[in-house]
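For reference, the structure is listed below as structure tokens.
The values are calculated or read from the model by the stated rules, or taken from the named source; none is laboratory data. The model shown is predicted, which means the values in this text are computed figures rather than measured ones. Virtual Cβ from ideal backbone geometry, glycine too; neighbours counted across all protein chains shown. Only protein heavy atoms, including side chains, enter the accessible area calculation; ligands, DNA and RNA are left aside. Shrake-Rupley method; radii C 1.70, N 1.55, O 1.52, S 1.80 Å.
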Amino acid sequence: MDLTELVGVSAIKRLSLLSALCLVVSTQLASPVATQPLPRSVLIINQSGPSRPWYVALDNSFRATMISSPSGPYSVYEEDLDLNLFNGVNYEESVQAFFKKKYRDKSIGVIVAVGSSAVEYALHFRAEIWPDVPLVFAAVDETSAAQLKLAPNVTGSIMQMTLREMVTEAQVLFPDLKRIALVGDPLERQTFYRPFKDELPKVAAELEVIDLTGLSMSELRRRVATLPTSTAIVYTAIYLDGAGVSYAPADALGLVAEVANRPIFVDIDSDLGRGAVGGLVIAAAPVGEEAARLALRVLNGESASSIPVTVGLFDRPIFDWRQLQRWGISEARLPPGSEIRFRDPTAWEQYSTQIMLIAAAMLFQTILIIALFYERRRRRSAETVSRITMAKLADSNRVATAGELTAAIAHEVNQPLAAMVANANAGLRWLANKAPDLDEARAAMKNIVSAGHRAGEVIGSIRAIFRNDGQERTAVDLNEVVQDVLGLVRGELQAQGILVHIELTRPLPLVLGHSGQLQQVILNLVRNAADAMNSVSDRARVLRVKSAIHDPDGVLVSVGDSGTGIDPKNVDHIFDSFFTTKAQGMGMGLSICRSIIEAHDGRLWASSGDGHGSVFNIQLPAWRELRRSPRHAAAATRR
Amino acid sequence: LQQAPVISIVDDDEGVREATKSLVRSLGYSALTFCSAEEFLGSAHVTSTACLIADVQMPGLSGIELQERLIADGRRIPVIFVTAFSEEKLQGHVLKSGAIGYLRKPFDEDRLIEFIDAALKSYGGQNPAQ
């Protein structure tokens, strides 16, 4: 079988992409180490230290990847060289001697060197302490990586990081950019950013470069506060200022940003949030992950020389929202795919639930208020309509009652008047005869007198009904009321052929009330009873009016008829307003009656008659005080 | 005056009844009083009554019903109605059914005399034997 078929086309391509150095070292040194399993431990050598959080994040990401590896566990040792502050041959030698002693009893499987300067040191250490231990590099720029090409048993990942990119990013945000101010330690002294020095001439050809590297912090702060317009600050790192003071680079950035009058661009993600606008920044975590992946491959048996150096795309456009606001940069101007951090959450973002709830509550309240107002208006207009209707009805009721009363009064007054006129005529006749009959004439005169008195009584009883009692309630004898009413409607009842049976209990306790109103109630009940008997022709039309003492301390007046009775299905409704079974009634009578009786603390109810018809009962509380008073006893016996 | 025709008065109101009786008697006629239609119909004087003065509204049988009963019994007694109510419809109705007159209380003496005369004339005409 052909070899190309075995490894596959993609593998061939990959092989062809291998950088020269890997191809060379793999062919030279693949054989001696491949067979023996490597110790399951990794030594990370950082060029910087914990003062640069970017490295810390990278290491953490590295460890996380290692620990989650199914082929683990692995020991991870870590050394920070702090090369931005300490360097030189003596330093290197003493560190090497220290490592040699420190790791005497530890076997190292893979050395991971982070940063190009660390790679240089690591290669020296390896030669002395850990010969043949494979080395994986990370966070190394292309230029530095190219210089490693001859090292054996080495692989790693390259990251893109150029001054050019930072400047381009600044130009994207500020199209009229004319100059850049370079802030940081002198580039030649730096580890990470040293390659920027080689790019400077090219950038300076395009833009004015204000070199603020190597200044003391105080001088630097003075200078960045007074930069000319159309300038962007490019911040690399300050570990040690011109006055010899050491800083954590992010803290130094903060101090610069505090006073800077121009926006600051950075290129690693850990510098975000310290006052820089942002830029095309390199995230530490993916760099660490990539390094761990490479280390794991080596630990799992692959030869470092055979693993091609990878080129990672670790940079992403990330910006600080607050700085964009400060410099008035529209988000629309940012490169596509930009991430914006530190955005002040809007009130909506922060409190959307609360806002929604409050809005809902307010909406609900508003709707409720509107509904209540609407309901109130409706009720008011209904009340007004009802009041007007009631007034009209009451008025027409009054008119109807007045009409009935007029007829009743006419009848009652006409009777004695007729008697008087007839007697007077008779008297005149008796006197006019040739032999005047004085006895007959006298009798006629006497009859006139008694008829006159009767007429007076009728008028009196009518006045009693219409007498305005005012607000005062008085002691009322219901027997009198009954008699007044029956006296008033006597003619009417007779005209309808109704026999009246009256059973009055005497003495009857007095009740406290408006006699006029009580008369109206009884009058109404009597009329209703009479009306109920209109259609009765097969039996006597009998109206029974009774008064009685209703135990324990009440008075009962009942009005019964021998009419058709109350249809059981109407029993519940007869006291409703506007309920009527009469063709021409208004249905107000019984409801008003009940209102009046209830206003007197009494009860009005209907029951079935003994045989035919129905009985309406009025029960009213007796007026105790008066009932016990001797005056009332005397009055009662007098009757 | 033995031949004087008997005039019967039916009215439930005692005052009116007695006053009418007095007036009729003062005119020279014999008068009998009854407090209800039933009492009159049950008496022995139905046949001897030459003229009936009846109230319209009475408990039990009304004046109208009394007239109807008499007609039904074949007794053509002329009736003069008296009423405390004035209902023109009723007036037309009773006159059509053969009433002599219809008087509203308080009634006029001359009208009563006029009606009594007419009643007695018609009674006499109908019953020449009496």
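Among the residues of the stretch A:134-150, those that are part of a loop (DSSP other than H, G, I, E, B) and surrounded by fewer than 22 Cβ atoms within 10 Å (Cβ to Cβ) comprise A:Asp141, A:Gln147, A:Leu148, A:Lys149, A:Leu150. Residue-level check: of (1) open to solvent by 40 Å² or more (accessible area, probe 1.4 Å); (2) basic (Lys, Arg); (3) closer than 30 Å to A:Ser450 by Cα, B:Lys105 misses just (1). When the stretch A:107-132 is filtered for residues that are surrounded by 22 or more Cβ atoms within 10 Å (Cβ to Cβ), among the aliphatic types (A, V, I, L, M) and over 58 Å from the mean Cα position of the chain (by Cα), the ones remaining, listed by number, are A:Val110, A:Ile111, A:Ala118, A:Val119, A:Ala122.
Table: residues versus (1) surrounded by 21 or more Cβ atoms within 10 Å (Cβ to Cβ); (2) modelled with pLDDT of 85 or more; (3) under 24 Å from A:Leu493 (Cβ atoms).
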residue	(1), (2), (3)
B:Ala44	no, yes, no
B:Thr47	no, yes, no
B:Cys51	yes, yes, no
B:Pro59	yes, no, yes
B:Gly63	yes, yes, yes
B:Arg69	no, yes, yes
B:Asp73	no, yes, no
B:His93	no, no, yes
B:Lys96	no, no, no
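Give the residues of the stretch A:188-233 that are under 21 Å from A:Pro263 (Cβ atoms) and of a type in the set (Gly, Ala, Ser), sorted by residue number.
Step one: filter the stretch A:188-233 for residues under 21 Å from A:Pro263 (Cβ atoms), giving A:193, A:196, A:199-200, A:203-204, A:206-213, A:215, A:217, A:219-233.
Selection gives A:Ala204, A:Ala225, A:Ser230, A:Ala232.
Which count do you get for residues in the stretch A:532-555 that are aliphatic (A, V, I, L, M) and over 22 Å from B:Gly60 (Cβ atoms)?
Narrowing the stretch A:532-555 to residues aliphatic (A, V, I, L, M): A:532-533, A:536, A:540, A:542-543, A:545, A:548-549, A:555.
Narrowing the set further to residues that are over 22 Å from B:Gly60 (Cβ atoms) leaves A:548-549, A:555.
Going through the stretch A:532-555 one residue at a time, the tally reaches 3.
For the stretch A:434-446, does any single residue satisfy the condition of being at pLDDT 90 or above, open to solvent by less than 20 Å² (accessible area, probe 1.4 Å) and within 14 Å of another protein chain (Cβ to nearest Cβ)? Yes; the residues of the stretch A:434-446 include at least one that is at pLDDT 90 or above, open to solvent by less than 20 Å² (accessible area, probe 1.4 Å) and within 14 Å of another protein chain (Cβ to nearest Cβ). Taking the stretch A:306-352 as the region of interest, the strands (runs of 3 or more DSSP E) fully inside it that hold 1 or more residues being more than 30 Å from A:Leu135 (Cβ to Cβ) are A:315-320, A:339-341. Taken over the stretch A:397-431, the residue count meeting the criterion of being surrounded by fewer than 17 Cβ atoms within 10 Å (Cβ to Cβ) and modelled with pLDDT of 90 or more is 2.
Could you say which residue among A:Arg194, A:Arg221 is surrounded by 14 or more Cβ atoms within 10 Å (Cβ to Cβ), in contact with a helix residue (DSSP H, G or I) (Cβ under 8 Å, 6 or more places away or on another chain) and at pLDDT below 90?
Numbers: A:Arg221 fails: at pLDDT below 90.
Selected residue: A:Arg194, the only one of A:Arg194, A:Arg221 that is surrounded by 14 or more Cβ atoms within 10 Å (Cβ to Cβ), in contact with a helix residue (DSSP H, G or I) (Cβ under 8 Å, 6 or more places away or on another chain) and at pLDDT below 90.
Candidates are the residues of the stretch A:45-103 that are within 54 Å of the chain's Cα centre (by Cα) and acidic (Asp, Glu); the one that is least open to solvent (accessible area, probe 1.4 Å) is A:Asp59.
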